[in-house]
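Visitor: First the structure, then my questions, so here it is.
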Amino acid sequence: MMMKSQESATHTQDISHQFDHILQQIQNLRSEQSVSFQTMDAMDARLDSINRIMTNTKARGNWGEYQLESLLEMYAGSNPEIYTMQYSLQNGKIADAILHLPDTPKVLCIDSKFPMENYISKQDHLFVRDMKKHIDDIADKYIIYETVDQAILFLPSEAIYQFICAKQVDVLNYALQRHVLLTSPTTLIGVIYTLLASTRDFYRASHMEEIESTILSLQEDVKRLCLRSEKAEKTMDTLQKQFHEVSISAHKVAGRMERMANGKNDEL
C-alpha cells in the first residue's frame, strides 16, 4: 500500500513538473508575442510618421531642404566661400541654397522640390504639369540679373529623378529650355565636386605669381639648408678627427704614467 502511495506521489510530482514547464513555455510565448507586438507597434508608428511627412507638402519640403543642406555640408564642408543656405536675393525671393562660383560675383541658385503626389498616383500628365510649373517658378525667381543664367532644381528622390530621365524626357527638354538643371542627390554630388575643382583651379591661376614666388623662396631656403648641412658635416668630421687625436694623446700619456708607476723610465 505504501509503495503504491509513493508511486502515486512520484507520478503526481512528475505531472506537476511537466505542467509547470508547459506554463513557463506559455509565459515565454506570451512575452515573445508581447515584444513582437511592441516591435510591430513601433514600426507602425515610424511608418505613420514617414507617411505624414511624405503626404504633407510643407513637411516634405522641409525634408528636401534638410537633405540638400546635409549633402552640401558633407561634400563641401561648412564653407561659406562655396555655398550659402537660405540666400535672400534682391528681388525678395529666398533660394534654399546658392553656390558661389569662381571669378564672378553672380551666384547659382538651388531650389528643392518634391513632386510626390501625382508620381505616386501614377497620374503622369499631372506629374508633368507639376514639374513644368516647378521649372517655371525656379526660372522666374532664381534666374535674374544677380545670378548666373542657370538654376538648379534639386529632387531629393532618386526614384523620381530616374523616372523623369527614363519616362519623361520632355520634362528634361523643357528644363533645358528654361536653363534649369535637374539634379538628384547623386548628381548634385557631381556638381559640388566640379565646383570645388573649378574653385581650386581658379585660385591657383589667380595666385600664380604668388605661388611661384613662394616656390622660389622655398628653393632658396632649401639651398641654404643644404649648404649649412654640408658645413655642419665637415665640422663634425673635423671634430671627430680632433677627438681621435686627443684620444691617441691621452692613451700615450696614460701609458707613460703607468710605466712610470711601475718603476720604468722611457728615457732609460
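Visitor: Can you say whether Lys122 is more than 21 Å from Leu101 (Cβ to Cβ) and in a loop (DSSP other than H, G, I, E, B), as far as the supplied structure shows?
Guide: Details: more than 21 Å from Leu101 (Cβ to Cβ): yes; in a loop (DSSP other than H, G, I, E, B): yes.
In short, yes.
Visitor: Among the residues in the range 95-118, are any assigned to a helix (DSSP H, G or I) and either among the aromatic types (Phe, Trp, Tyr) or modelled with pLDDT under 90 (or both)? Give the derivation first.
Guide: Of the residues in the range 95-118, the ones assigned to a helix (DSSP H, G or I) are 117-118.
Of the ones still in play, those that are also either among the aromatic types (Phe, Trp, Tyr) or modelled with pLDDT under 90 (or both) are 117-118.
Looking through the range 95-118, at least one residue is assigned to a helix (DSSP H, G or I) and either among the aromatic types (Phe, Trp, Tyr) or modelled with pLDDT under 90 (or both).
Visitor: Now for a separate question. Which members of the range 68-93 meet the condition of being part of a strand (DSSP E or B) and surrounded by 14 or more Cβ atoms within 10 Å (Cβ to Cβ)?
Guide: At the first step, the residues of the range 68-93 found to be part of a strand (DSSP E or B) are 83-88.
Selection gives Tyr83, Thr84, Met85, Tyr87.
Visitor: Still on this structure: Please determine whether any residue of the range 110-126 is among the polar types (S, T, N, Q), in contact with a Gly (Cβ under 7 Å, 6 or more places away or on another chain) and surrounded by 15 or more Cβ atoms within 10 Å (Cβ to Cβ). Before you say what the answer is, go through the steps one by one.
Guide: If we filter the range 110-126 for residues that are among the polar types (S, T, N, Q), which is where we start, we get 112, 118, 121, 123.
Cutting the leftovers down to in contact with a Gly (Cβ under 7 Å, 6 or more places away or on another chain) gives us 112.
Now drop any that are not surrounded by 15 or more Cβ atoms within 10 Å (Cβ to Cβ), which leaves 112.
Within the range 110-126, one or more residues are among the polar types (S, T, N, Q), in contact with a Gly (Cβ under 7 Å, 6 or more places away or on another chain) and surrounded by 15 or more Cβ atoms within 10 Å (Cβ to Cβ).
Visitor: Only one residue in Ile160, Ile152 is of a type in the set (A, V, I, L, M, F, W, C), in the same structural domain as Ile94 (by TED's automatic domain parsing), at pLDDT 90 or above and out of contact with any Asp or Glu (no Cβ under 6 Å at 6 or more places or on another chain). Which one?
Guide: Working: Ile160 fails: at pLDDT 90 or above.
Result of the check over Ile160, Ile152: Ile152.
Visitor: Next up: Report yes if Lys141 is surrounded by fewer than 13 Cβ atoms within 10 Å (Cβ to Cβ), part of a helix (DSSP H, G or I) and at pLDDT 90 or above, otherwise no.
Guide: Working: surrounded by fewer than 13 Cβ atoms within 10 Å (Cβ to Cβ): no; part of a helix (DSSP H, G or I): yes; at pLDDT 90 or above: yes.
The answer is no for Lys141.
Visitor: Now for a different question. Could you tell me whether the range 117-133 includes any residue that is assigned by TED's automatic domain parsing to the domain that holds Val171, within 20 Å of Trp63 (Cα to Cα) and under 29 Å from the mean Cα position of the chain (by Cα)?
Guide: Looking through the range 117-133, none of the residues is assigned by TED's automatic domain parsing to the domain that holds Val171, within 20 Å of Trp63 (Cα to Cα) and under 29 Å from the mean Cα position of the chain (by Cα).
Visitor: Starting from the range 250-268, keep only residues that are assigned to a helix (DSSP H, G or I), then list their pairs with residues that are modelled with pLDDT under 75 whose Cβ atoms are within a distance under 7 Å, requiring at least 6 positions of separation or different chains.
Guide: Arg256/Asp266; Arg259/Asp266
Visitor: Any residue at all in the range 199-207 that's in a helix (DSSP H, G or I), surrounded by 13 or more Cβ atoms within 10 Å (Cβ to Cβ) and within 22 Å of the chain's Cα centre (by Cα)?
Guide: Yes, the conditions are met somewhere in the range 199-207.
Visitor: Something else about it: Anything in the range 133-149 that is touching an Asp or Glu at 6+ places or on another chain (Cβ under 9 Å) and not hydroxyl-bearing (Ser, Thr, Tyr)? List them, or say none.
Guide: Step one: list which residues in the range 133-149 are touching an Asp or Glu at 6+ places or on another chain (Cβ under 9 Å), which gives 134, 137-138, 141-143.
Correct list: His134, Asp137, Ile138, Lys141, Ile143.
Visitor: Looking at the range 179-203, I want the residues that are assigned by TED's automatic domain parsing to the domain that holds Leu101 and have a partner that is polar (S, T, N, Q) with Cβ atoms under 7 Å, at least 6 apart or on another chain. Which pairs are those?
Guide: Close Cβ pairs satisfying both conditions: His179/Gln150; Leu181/Gln150; Pro185/Gln67; Val191/Thr183.
The values are calculated or read from the model by the stated rules, or taken from the named source; none is laboratory data. None of these values were measured; they are calculated from a predicted model. Every residue, glycine among them, receives a Cβ derived from its backbone with ideal geometry; neighbour counts consider all protein chains shown.
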